Amino acid sequence: MSVASVASVCRQMATLTLRTKTLPLVSSSLVKCPLQHQQVRWHNMYRVDQPRPMGRLSYRFKVHYPEDGQYTVRPLKSTKLAGRHPETGRIIIGTLGGGAKRNYRWIDWFRTGPSDGFFEERVIHVQYDPNRSSRIALVAGGEHLRYILATVNMQAGDLIRTTSHLPRIPVRPKEGDAHPVGALPNSTLVNSIEVVPGDGARFVKAAGTAAVVMRRVKDKVVVQLPSKREIALDPNCMVTVGRLSNLEHGSKHVGSAQRRRWLGRRPASGLWQRKDGYCGRKIRPVPPMITYGPRKEELPMLKFDLPGEGPTKKITPSTDRVS
Amino acid sequence: MRGTEVLLRQHLHRQFKTYWLTQGRRRVPDTGAEKLLAAKGIPVVDPKDILTPPYPRQPTLELPPHVPNQDGVPRNWSISDKLVQESQLEPCYVFDNHFCPVMGLPQAQLLTNTLVHWSLPQAVLDHATPTTPHEDDRVKEAILHAHLMDSTQSKLPRILDVINRPGWNDRIPYGIPLSRSNKTLTYQLLLLLDQMCGGVTTHRMLAENAISRVTFRHSECLMQFEHVSGFVVSSPHPLPRVAGQEEVANTEREPMPDIYPVSPFVSVLPPKTQYNMQDQYGVSVPDLYPHTVIIHNNAPRLRCNSEGFASMTLMFAFSHAAAFARMLGKSDTELENSPVVVQVVNCNRQQYQLGVLQLNTLDLTRSDRRNLFWTQPWQQLFSSCTFKAALPVLDGYNPEVFSLLKGLHMQGLAEATELTRKEKEVEKDGKGDKV
């Protein structure tokens, strides 16, 4: 019995029933999309489906969001994961571990406003956040409070606007305001960029970073990320104007090995040396532009399982351990 | 080479596991078979109806409902247990001792319909005579008594400095909890003030941990103040009004603060659906009027600035005055002739904020009549009180706080003196009759 034959057996398992007679109802010609095109072929399988709101996995800590799911500005409790997968417990990143216990500040990544006007919020204060490099701002509008990422010149008492209106002529941007990326003139510095409209900010969230609105190509707006990679976005994607706060974060030294431990990093072996360019510089071309469109509707993932036929115990995926 | 030798023998378990993991997860495309079958009139059945599980599910064991103690009183009884909460239909903004308005004093002003004057009333300042050296010694003794000379040793909350020392694990501090030292100090100071008045204030009554709860409808929102005070000093005479009727009528011209675009109800906590609708005033003895409300802020680290502290002071004073007015069933016209005047002392470990509130109206959206609050910036009673080289040391004592407390305590003293004189006369007459 070869590996290929096992694969073929597995491939047919999706269509197994307990019926002895084959039903002539569904003919093979009906299947327009062959099953092998729908397979998930991951051999480095540390991905396990995670429930919301912790959509994107973090191996540093797991946040205990409130049970009712309502947004709150109260600091949330978190559990340190030390590089482990939150479900399987396998080590994914070997250089993490220890460090100070942190409370999580829930940042509101959804700065979507009314499409025909704007709403205003007042900055109450700008504060330190242990879970991210940039400073965060507590803002209030109406009866609601929320945390957003603070831009460089944001101060207590500032009035910031949020709108989803996409005008014909570009607006004059003011730092801290949130607009659709299509509403901003070229060469505007932006942060907290959405990739899919209404999906929440994905790019440019680190301290002192900013992306630049470059040009318009057909129905897309091209934005250059801090890594110089260009992305083409839907004009309705929300962005915040300005550069993020805590500019000196990148130039600040950790100070000591012990402080590195406090920040949750485990000791690494070997002396790390920066490349000095003695043998020349490797010039790579700028990576190609990525075009983001609306998210495709994905079919639900099914997990086929037959008791007695499969492995005797639950499979925990193996990982590529870093250290 | 032997013919029987097995070459490249592998155990297939790992490969099988791998394939099982990858191929078991599939996205099955919609082939349109269901529609086709339905068009041909063939019923489509869910496979779960045919493929039954191999053995039936075990019935779950249901635990009996939780029964409290026989007398119905929880084991760790505390003040918070007194605050019975019932589920209500309408959500309500409940402002308690921990509520600190994020927009500071303007928010508290808009919630309570109050104008603020940044100086204490002249009547209080007139009585705030400078302290004598003897009084200073007594006050210093009281501070040392409360903060150091107490044999209580309990576990104190840790105060972490997460920014400068992340992960620093300090030893658990033991000592006198702030709730106890605040109580002791306030009690000692009140004792000292009473002694200075020469026995005239014997008719005043001291209530501890008095709860005041009062509910309002404020611009289509339901709002409740629920505050627990450290002490409430009550007196048989109401305090005289501070501002005359003309001055109260003039409040219409003075502008209220604007906190656009924030609503005055903005709070870290959402409106509650579990609360008690019953209004309550802590001192339920008839013919006693509130004189001074003393609030103890027992948080290990103060989370607000001076303005936030002032706004909390205003809310405390308003809640006690309004609860008292509600208990008497006073209407706005009655308040016009005899407003409720309450003095308030809000203290943290060292910080003291004093104020006087005159309640002119219970209608919080009314613009032609407003409540009035006189206060001044907070002051430190002392800067530090610790053991240094095994000796108790009190540094930076500020006598002005006690002189202002004297000024507050002396209010309404004329009526108290009159009452004492009358009682003495009656007593004398009674003795004369007996003789």
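The values are calculated or read from the model by the stated rules, or taken from the named source; none is laboratory data. Because the structure is predicted, anything quoted here is derived from the model rather than measured. FYI the Cβ positions are ideal-geometry reconstructions off the backbone, even for glycines, and counts take in every protein chain you see.
Taken together, B:S219, B:S212 contain a single residue that is of a type in the set (G, A, S), within 14 Å of another protein chain (Cβ to nearest Cβ) and under 20 Å from B:T361 (Cα atoms), which is B:S219. The residues listed here are A:V190, A:V221, A:V181; of these, the one that is touching a Gly at 6+ places or on another chain (Cβ under 9 Å), more than 20 Å from A:I136 (Cα to Cα) and in the same structural domain as A:I160 (by TED's automatic domain parsing) is A:V221. Restricting B:L185, B:L120, B:L191 to those that are loosely packed, with under 14 Cβ neighbours inside 10 Å and under 30 Å from B:P240 (Cβ atoms) reduces the list to B:L191. Of the residues in the range B:395-406, how many are surrounded by 21 or more Cβ atoms within 10 Å (Cβ to Cβ) and either touching a strand residue (DSSP E or B) at 6+ places or on another chain (Cβ under 9 Å) or farther than 15 Å from B:T132 by Cβ (or both)? Matching residues across the range B:395-406 total 2.
Taken over the range B:293-327, the criterion of being among the aliphatic types (A, V, I, L, M) and under 20 Å from B:R369 (Cα atoms) is satisfied by B:L314, B:M315, B:A317, B:A321, B:A322, B:A323, B:A325. Among the residues of the range B:237-252, those that are assigned to a loop (DSSP other than H, G, I, E, B) and not charged (D, E, K, R) comprise B:H237, B:P238, B:L239, B:P240, B:V242, B:A243, B:G244.
Only one of the numbered conditions (1) under 21 Å from the mean Cα position of the chain (by Cα); (2) more than 25 Å from B:V262 (Cβ to Cβ); (3) within 14 Å of another protein chain (Cβ to nearest Cβ); (4) not polar (S, T, N, Q) is not met by A:R84, and that is (3). Scan the range B:1-54 residue by residue and report those that are within 9 Å of chain A (Cβ to nearest Cβ), in a helix (DSSP H, G or I) and among the small types (G, A, S). Hits for the range B:1-54 are B:G24, B:A33. Taking the range B:253-353 and the strands (runs of 3 or more DSSP E) fully enclosed by it, the elements with 2 or more residues that are modelled with pLDDT of 90 or more are at B:289-296, B:340-347. Looking at B:L185, B:L193, just one residue is more than 14 Å from chain A (Cβ to nearest Cβ), out of contact with any strand residue (DSSP E or B) (no Cβ under 9 Å at 6 or more places or on another chain) and either part of a helix (DSSP H, G or I) or of a type in the set (K, R) (or both), and that residue is B:L193.
Note on the range A:242-260: residues that are surrounded by 18 or more Cβ atoms within 10 Å (Cβ to Cβ), within 14 Å of another protein chain (Cβ to nearest Cβ) and not in a loop (DSSP other than H, G, I, E, B) amount to 0.
Residues that are farther than 20 Å from A:C237 by Cβ, in contact (Cβ under 8 Å) with a residue 40 or more places away in the chain and of a type in the set (A, V, I, L, M, F, W, C) within the range A:106-156 comprise A:W106, A:V123, A:V126, A:L138, A:L145, A:A150, A:V152, A:M154, listed in sequence order.
Output yes when any residue across the range A:186-195 is surrounded by fewer than 20 Cβ atoms within 10 Å (Cβ to Cβ), within 19 Å of the chain's Cα centre (by Cα) and either in a strand (DSSP E or B) or within 13 Å of chain B (Cβ to nearest Cβ) (or both), and no when none is. Checking the range A:186-195: not a single residue is surrounded by fewer than 20 Cβ atoms within 10 Å (Cβ to Cβ), within 19 Å of the chain's Cα centre (by Cα) and either in a strand (DSSP E or B) or within 13 Å of chain B (Cβ to nearest Cβ) (or both).
For the range A:194-215, how many residues are over 17 Å from A:I136 (Cβ atoms) and either in contact with a strand residue (DSSP E or B) (Cβ under 7 Å, 6 or more places away or on another chain) or not assigned by TED's automatic domain parsing to the domain that holds A:Y128 (or both)? Total meeting the criteria: 9.
Can you tell me which residue in the range B:70-111 is nearest to the chain's Cα centre (by Cα), limited to those that are under 29 Å from B:R301 (Cα atoms), of a type in the set (V, I, T) and at pLDDT below 90? Per the criteria, the residue is B:I79. Filter the range A:115-131 for residues that are more than 9 Å from chain B (Cβ to nearest Cβ), closer than 30 Å to A:R60 by Cβ and not in a strand (DSSP E or B) and give the result. Result: A:D129, A:N131. Among the conditions (1) more than 22 Å from the chain's Cα centre (by Cα); (2) within 14 Å of chain B (Cβ to nearest Cβ); (3) on the phi < 0 side of the Ramachandran plot, A:G142 misses just one, which is (3). Per the listing B:D161, B:D150, the residue uniquely of a type in the set (D, E, K, R), at pLDDT below 95 and either closer than 22 Å to B:I295 by Cα or part of a helix (DSSP H, G or I) (or both) is B:D150.
Total residues in the range B:362-387 satisfying the condition of being surrounded by fewer than 18 Cβ atoms within 10 Å (Cβ to Cβ), in a loop (DSSP other than H, G, I, E, B) and touching a Phe, Trp or Tyr at 6+ places or on another chain (Cβ under 7 Å): the figure is 1. The residue pairs whose first member lies in the range A:60-71 and is on the phi < 0 side of the Ramachandran plot, whose second member is acidic (D, E), and whose beta carbons are closer than 8 Å, counting only pairs six or more residues apart or on different chains, are A:Y71/A:D108. Return yes when A:A137 is at pLDDT 95 or above and farther than 18 Å from A:I290 by Cα and no when it is not. Considered against the rule, which asks whether it is at pLDDT 95 or above and farther than 18 Å from A:I290 by Cα, A:A137 comes out as yes.
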